[in-house]
Amino acid sequence: MMTLENNQLLADFIAIDKGDFEIKLPKFGWFDERKDKNSSKFLFHNDWNWLMSVVEKIEALCSNRGFEISSQFVHIRVDNNLTISSGVCSNRIEAVYSACVQFVKW
């Protein structure tokens, strides 16, 4: 998946309301998908403020088992038997983003 599709996936994951063509995100308000989707309005891939909304929801779902973060990889502990990993990335935001996308796809 490309960044645009991954960002849409994350937006759908954290959405607090969704209409036929609109999506409401916590902290960021409403987006009209007919206009905003193609103009890359979702910034999960390069803005910590956006990405932390996803991290917070994942942590809530995983009973705060948490994220293990280093400079190049991230592990999300889902339960005692399952950990989702980002793989090696070039920086922290890329690693967290990758792990979040993998979690939502799971």
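The values are calculated or read from the model by the stated rules, or taken from the named source; none is laboratory data. This is a predicted model, so every value here is computed, not measured. Here the Cβ is made from the backbone with ideal geometry for all residues, glycine too, and neighbour counts use every protein chain on show.
Taking first residues from the stretch 41-68 that are closer than 14 Å to residue 102 by Cα and partners that are among the hydrophobic types (A, V, I, L, M, F, W, C) and in a loop (DSSP other than H, G, I, E, B), the Cβ contacts under 8 Å between residues at least 6 apart in sequence or on separate chains come to 51/44; 54/44. Among helices (runs of 4 or more DSSP H) entirely within the stretch 2-63, having at least 1 residues that are more than 11 Å from the chain's Cα centre (by Cα) and modelled with pLDDT of 80 or more singles out 3-14, 48-61.
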